[in-house]
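Read-outs: derived from the displayed coordinates by stated rules, not from any lab. The structure displayed is predicted, hence computed values, not measured ones. Ideal geometry is used to build each Cβ from the backbone, glycine not excepted, and the neighbour counts take in all protein chains shown.
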Amino acid sequence: MRRSFLSVVLAAAVSCSFAHAAVVEEFKAEDWDGMAFTSDETGQFTHCSIFATYRNGSTLFISYEAADAWYLSIANDNWSLGEGGSFALKVRVDRRGEIEGTGVALAKNQIGLPIEADNPFITQLRRGNQLVFTFQNQEYAFELSNSNRAMNAAQECVRRHVAAGTSTPIITQPAEPPQPETPVVTETPPAAEETTAGTDTSANATATGEQQTFGPWVVAAASNGDGSFANCTVFGVHGDDQLILSLYPDGVWGFGLYRAAWNLDTNQTYYLWYNVDGPADASGVTKRPVEAAEPTRIYFEVSDLEDIIERIESGSTLNLQFRGLTGDPESYSYPLDQAPAAFEATRKCVADHASPAQTTGKEGTGTKDSSSTEQMGSSEEPTEDQATEEPAEEEVAEAAPAPDSTDGGGGHRELPELGPKLIEEFEVPGWKAAAFSLDDGTFTHCAIKAEYQNGATLGAAQAADGELVLAVKHGDWSLEMGAWVPISYAWKGTPDFNASSEGQVAEGDNVVFVAIGNDAELTQSLRNAREMTIEVEGKSLAFDVSDIGPGIDAILECTKRHLAAPEETTPTPPAPAAKKAEAAPKAEPQPADSPASVDTADDTGNPRAEAAGFTTALLFRAGYPNHVILPADAAPPDGVPGGDALWQLGEIMGSTRFVEGGTPEQITEEIAAAMSGECGGEAATQAVASDNSHAHFTLACGASATRVIHYLVVPRAAGGSYVFALLGAVDDVAASAIADLVYGTAAGS
């Protein structure tokens, strides 16, 4: 699928119940584009739309109206419709039931269909994988990744404009470049627009209250469009450049850099290397991918694994190196005079402005969600203020046995240890999936979660001890942290299941966890579930879980993989990376055999687990947490050398295996010799980088080859080496950039 930003003229054609519309805001929501509209006829705000273009030649629009209704629309330049005419059409999401309706031609090339806000189809649209639209005896398919977040952004856009009373059809213009002594905060703090890493989906936050100045730093609070507190931002003003560091109520920092001279591509991934009081290209510096929030600004959310804030506060000079996929690196240096005072003032600013609900992680406008359902992980040990006394021994219910029937018993099962540290993210259609550990790196669990239209978030996890755990979050709850509360849960599946138990409140006052057992029959029943109902505090919540099967399979495989991985290879990721833009075309047939000398070593009990664990650790450190380790029975695609573990990063496929002994130079020669026969004697290798223990080289079958395999040789702690291989086009800068960054991370360069 290819998505691109459309012209204002095309977007304005989605006028829903209004004949003519003017754009008053443009925004991004993941890989969807969005706009807000007012009516040309009345001047009143009407709706917000998200949209994307696809390779089938069509554009899909999902619009949310101020009247609390949805509008689905498709545009295709090949159509010639009578504007205002009615047409029969059908829509379905995945394998769920097809619905029929009568669409109205909004223009000669566009047809739309209104959908009520409470129609189950809206939930399917949010959580499905593919929308199929049937019109004039032809089907049009649309991939729906990130549709839930994008639809949430459209709803938030409507709430924002309704609350603000938007009525003037003025197209938002880019802010004027700031003057040397006038930080952007006097108008609209750019960093305050961020709600999640790498996305710009919220309203322009505006400065509130007085500004404080500390040498080159300016500290100010920012509010959302509805007046609620958003964050406090410290701006480092250096000529036309500005460092922008925003602190949110949940303690998360955002880092931005504004340069008036930039003209960045917002659809491209860039790379930022940073160091304090040392060169930005020295050994051991932090390297991470970043997104262009706008043509003149980059932004990323600082992970709790990064120490850039502490280093800025204790250092004298921040050195940055900015890299694109092409072109020469750009280097910048900024003095850090009075940074400690400015950052302390920023923390005090947040403490003075944030409401208790924001600082405890309760949902609210402008508040980041740091609750456990974001990671399905347990919190760190509670503070003295949060700690609750242990109940007397006689008050603790006996742990219930694993449910083995369709009617569970009462009481509660003690929760397994669920660590807070994110160590892997992987893809499961319709769900967010991840693995977690304790702070010391000890693996604890793998989990999936999904947000629903009913305002709740549902999660499922498998702990290291095999226990299955359900988690449910709802912003309406206000429960006592650590308390046990009655919970009922049931699902329709094969067989149906229902149980009553007690769940524990964790990670704030609106998240409840419940351990449900670990027997095979229960697991199979859960993976076959179609609908789930959970009741807590008298609130009954219904969930469509018809796609939970692959999610359960994924967390079972994830748990098995991490339990089998050697302790030293437990992944330790950098900051969560925004969605990558790099993608290589699908592989064409190439020789797939590896040299005999590169066979799996005999001294490992589980070669796939080891190779997968090491791959995950290295790709995480290189800034690619969104890779996927393929199933054990997956066959290498055409052109990808076989390996102990196969993996995928976007559309780029790769493999990892380890070899017994040999220097990087010898391994290179052996691979070239083994591939020579497959390439008709024309296997050409080219060295990219190497040292005594690492190597990066490419191999292509002759000078006219359109494909090239990037090989990376990395030393193995137990002896021998790992051999990474990934396939890309000869001129594919994305594949080259990935290989360069992974090699640099492994070699410490």
At 7 Å along Cα-to-Cβ for each site, give me the label-to-label distance between residue 439 and residue 347 in nm.
1.5
For 348, 473, what ranking results if the residue with the fewest other Cβ atoms within 10 Å of its Cβ goes first?
348, 473
Nonlocal amide H pairs with residue 653, under 5 Å, H built at 1.01 Å
727
Amide H contacts under 5 Å for residue 129, placed H, 5+ residues apart:
94
Among the listed pairs 28/473; 473/560; 449/473, give every one whose C-alpha distance is greater than 18 Å.
28/473; 473/560
Prolate/oblate/rounded label for segment 81-142 (Cα gyration tensor, a/c 1.5)
prolate
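Please pull out the direction-averaged projected area of segment 8-164, using the convex hull of its alpha-carbon atoms, in nm² to one decimal place. Let's see the in-between values first.
Details: hull surface 33.8 nm².
Averaged projected hull area, Cα only: 8.4 nm².
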Using a Förster radius of 25 Å, what is the FRET efficiency between residue 638 and residue 55 based on their Cβ-Cβ separation? Nearest 0.05, please.
0.70
Label-point separation in nm, residue 316 to residue 480, each point 7 Å along Cα→Cβ
5.5
Residues whose placed amide H lies under 5 Å from that of residue 290, excluding near-sequence neighbours:
270, 271, 272
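Among 431-437, 711-717, 673-679, what's the highest-first ranking by average C-beta atoms within 10 angstrom per residue?
On the way: 431-437: 23.4, 711-717: 19.9, 673-679: 16.3.
Sorting 431-437, 711-717, 673-679 by mean packing, highest first, produces 431-437, 711-717, 673-679.
What net charge do the residues around residue 621 carry, taking every other residue with its C-beta under 11 Å from that of residue 621, with Lys and Arg at +1 and Asp and Glu at -1?
Values: positive: 287, 288; negative: none.
So the surrounding residues net to +2.
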Subtract the Cα-Cα distance of residue 86 and residue 155 from 0.36 nm times their separation in residues, and report this length gain in nm to one decimal.
22.1 nm
If the label point is 7 Å along Cα→Cβ of residue 718, which residues in segment 546-566 have backbone nitrogen under 13 Å from it?
564-566
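Could you tell me the calculated FRET efficiency between residue 98 and residue 533, based on Cβ-Cβ distance and R0 = 25 angstrom, to the nearest 0.05? Mind showing how you got there, number by number?
Numbers: r = 25 Å, r/R0 = 1.01.
Approximately 0.50, to the nearest 0.05.
Checking the a/c ratio against 1.5 first, then a/b against b/c, what shape does the Cα gyration tensor give for segment 596-747?
Numbers: a/c = 1.34, a/b = 1.16, b/c = 1.16.
Judged from the Cα gyration tensor, segment 596-747 comes out rounded (a/c under 1.5).
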What list of ³J(HN,Hα) couplings, whole Hz, do you get for segment 467-480 from phi and the Karplus terms 6.51, -1.76, 1.60, once you set θ to phi - 60° and write x for glycine and proline?
5, 8, 10, 9, 9, 9, 10, 8, x, 7, 7, 9, 10, 7
Which ordering of 561, 347 is given by a fewest-first count of other beta-carbon atoms within 10 Å?
347, 561
Using 7 Å Cα-to-Cβ label points, what is the residue 68/residue 119 separation (nm, one decimal)?
1.7
